[in-house]
Structure formats: structure tokens, C-alpha cells
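Here the structure is laid out as C-alpha cells; the discussion comes afterwards.
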Amino acid sequence: MSEKTRTIDIFYFIKYLKSKAVVIICAVIIFGGLVAVYDLKKQKSSKDISDRDLLKQVMVQNHDAFFFNQKKYTDAEKPAGVYNSSAKISVDFNYTDVEGLETERLSFQELNNRFENDVCTIIKDGKLLNEVIKELELRSYEDMKDITPDDLQWLINRNFPGAHVMNIVVSDVKPDRAKLICDKVVEKLEKELETYDFVDKVRVISEGTLPGNGSLSISTGSSDKSVSKKELVKYAVVGMALGFILIVCVLFMLYAFTDRIFSEADIKSAGQKMAAGSYRKQVDYKRLAHSLELFKDSSNILLVSVDNKTDAKQDAEEIGKELKALGSNKKIVGTNDFRNEVDALTKVKECDGVIYLVKYGKSRIKTLEEAEEVLSRSAGSLGVIVR
């Protein structure tokens, strides 16, 4: 059993898309609106996050950055709604009396790195941080009422960008409080380091900055409470693009896999040919009359609507007028709806040629094949006209 292959003509598919312009526009607008609404809700939910949750987010981010290297520290990439206050201190190390220096034969860089790591560890000391909490009365704040030294250490980032200069950055949801904590940590650390033999001298280079006046860290989102119109537009455009792609795919499936007549290729797949040229939006009865005049061996022609999508009787009447104007002896008679009426079965006996009338995008290939199979027993097929 042979299988029929249907050819997809891109030109006719584009014409089909144009005929569905209203559907495409509606789909694009709807998808654009849905995605924009989704982003609006997303933005509002992100704005509604509590200060307590934001602090927890900062702690988790710095914890994971330290132990797992999965994220950047908040001094480099702070969440939306978070502020960074940064200070700098200078730490001069004492290299004259170091236990194990000769036996381990450490290089200056290795030794310096050890000292730097020690300082970064000291700043996380529970006693030091507990003093910061008490002196600043941090537990009096609603979002910090349960804060512990272990929690506070993950709000503080520290590093040595140079050999002796140390950065201390405090991330907080309140800019003024971030500066207070930063200054207090620097104050406590300065006194604490002076008690260690490996530290020669500590000097404060700069106090904590007030976020917004010198904080250069990159934010992962807007820190204000307003909705970003720019982001809304971006998501709407993305939604419109997705909507366009989706509706075109759906229409292609309907075009390619439904049994509808869209092109001459579909006529050919039914074993037929065009009787009077390509499909035209405006019916040119005069042109049709001239085309039918070329069928020399057919004097009585039956124009059959294969379904109820067209009006073959009306078209046959108009074509007949044009044939008469040409002085032609040909006669054409119309009959409607082959599928549901027997009129075609009666009239075909009086004719020597049959033309099948189909509706673009609505008539089915199978219906055309059925009509041709039955009527061709009495009269030859002259082709198809697409309306």
C-alpha cells in the first residue's frame, strides 16, 4: 500500500499566516501580558521580603561563599535591599620573633599570608563580636532580636587586597546600622590586635562608609521598593516573542497535519490539478470563462461544490454569463454540497466534464477525493477551482 507524501509550500504557509494575522496578534499580546504580569508579581514578592529574611540571605550567601565557593561574598555581589559599609585598616606585622620560622623556612609571602589569615580569624572571635552586639544593642532591633556572634560573623566580610591593608565590609539592610557595626568592629579589632606579638602596629585608614556615598559593590537587583518598568517591558517583549513562536508552531501543525486545502500542492496530493490558475482573493469570472473555453472536448461542464463552504450554483451562473458574452457554445451548471445532497449525482449524467469547487483553508482533501472518485465514473475531471 503506497503512502502519500504531502508537500509543504513555504510561500503558501506564509499566506496562511497572513490570513491568521488577528489570531497571531492576539496570541502575541496575551503572552506578552501574561509574562509581564508574572514579572510584576515576582518583583512585588521580592520587594515584600522582610528585613529579617534579607539578613538571613546575606548570612547564607557569605557562609556558602566561604565554605563552598558557590557564590560571591556580599561585598562583591550584594542582594537587592542590602547595603555595604566598608572600612580600611593598616596592619604592620612583627617578623623578628616568629616560632618555627627557621625550621619551616617560610618565604616572606607565606609568612605574611599566615599573619593575614590570623587577623581574619580574630575578627570572627565570639568574645569580640558579642561585645559589638551588646554595646550597639543590636538585639533591640526587631530584625536582629535573636542575633548571635555566630550570625554576626557572616555579616562581616574581610580580606587583604595588599600586604598590610585590610578591608572590612559589613552588609546590612539598614545603611546607618551597617556603618555603626563597621566602625565598632574596627574599634574592637584594633584594640584586640594590639595584644598579639605578631602585630607591630594597627592604624585606621578610613572609617566605615555610609552606604550610598562610596559603596561600589555590584547589586543583584534594585534596592528601592518601586517596580522596574524597564524590566517589565523586557519581560513583555520576551513574552511576545515566545507567544509569536508558539502560535506559529501551532498554526504550522494545523497547516501541515490537518486535512485542509491550502495550496496547489494539496490539490496535487488529491490527484487533481488547477482548472483555472492559482487561488485569487477576488473572483474573476471573465478569466474563469476564458479558462474553461480552453477545454475543447468538454461542452457541458458541471461545477460541483465538494462541501457547503462554497456556492457553485452562483459561480456557475456568473461564469455562464461570461461564456455567453464570449459567444461560446459551452454550458456550465452548478450544484452544491456533494457530501450532503444528491444533486451532483443526477446532473453529472448530462455532462462530459466536472470541475470541483473548494474553499481555501476549509475544504478537506479527503472530501475532494471522495467527490472525484464518485463523479468521475460518469464524466471526466477537468480540475479544481479554489475559492
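Per-structure values
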| quantity | calculated |
| --- | --- |
| P175 vs. criteria modelled with pLDDT under 90 and within 42 Å of the chain's Cα centre (by Cα) | no |
| Residues of segment 371-387 that turn out to be within 51 Å of the chain's Cα centre (by Cα), crowded, with 16+ Cβ neighbours inside 10 Å and not hydrophobic (A, V, I, L, M, F, W, C), as a count | 3 |
| G214 vs. criteria of a type in the set (G, A, S), under 47 Å from the mean Cα position of the chain (by Cα), under 21 Å from C120 (Cα atoms) and at pLDDT below 95 | no |
| Any hit, segment 203-211, residues being at pLDDT 95 or above, surrounded by 19 or more Cβ atoms within 10 Å (Cβ to Cβ) and within 22 Å of K56 (Cα to Cα) | no |
| Condition check for K234: modelled with pLDDT of 80 or more, out of contact with any helix residue (DSSP H, G or I) (no Cβ under 6 Å at 6 or more places or on another chain), part of a helix (DSSP H, G or I) and crowded, with 18+ Cβ neighbours inside 10 Å | no |
| The one condition in (1) of a type outside the set (D, E, K, R); (2) modelled with pLDDT under 90; (3) within 27 Å of E110 (Cα to Cα) that V169 fails to fulfil | (2) |
| Condition check for D315: outside any loop (DSSP other than H, G, I, E, B), open to solvent by less than 30 Å² (accessible area, probe 1.4 Å) and either in contact with a His (Cβ under 6 Å, 6 or more places away or on another chain) or more than 17 Å from A379 (Cβ to Cβ) (or both) | yes |
| Top-ranked residue in segment 240-263 [being at pLDDT below 75 and in a helix (DSSP H, G or I); ranked as surrounded by the most Cβ atoms within 10 Å (Cβ to Cβ)] | Y255 |
| Evaluation of K127 against (1) within 50 Å of the chain's Cα centre (by Cα); (2) modelled with pLDDT of 90 or more; (3) of a type in the set (D, E, K, R) (one fails), failing number | (1) |
| Filter result for E350 (at pLDDT 85 or above, of a type in the set (D, E, K, R) and surrounded by 15 or more Cβ atoms within 10 Å (Cβ to Cβ)) | no |
| Flag if T148 is modelled with pLDDT of 90 or more, open to solvent by 80 Å² or more (accessible area, probe 1.4 Å) and under 18 Å from K184 (Cα atoms) | no |
| Matching entry among A325, A276 (being modelled with pLDDT of 85 or more and not β-branched (V, I, T)) | A325 |
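The values are calculated or read from the model by the stated rules, or taken from the named source; none is laboratory data. The structure displayed is predicted, hence computed values, not measured ones. No Cβ is skipped: glycine too gets one built from the backbone with ideal geometry, and neighbour counts run over all protein chains shown. Protein only, heavy atoms only, side chains kept; ligands, DNA and RNA dropped before computing areas. Shrake-Rupley method; radii C 1.70, N 1.55, O 1.52, S 1.80 Å.
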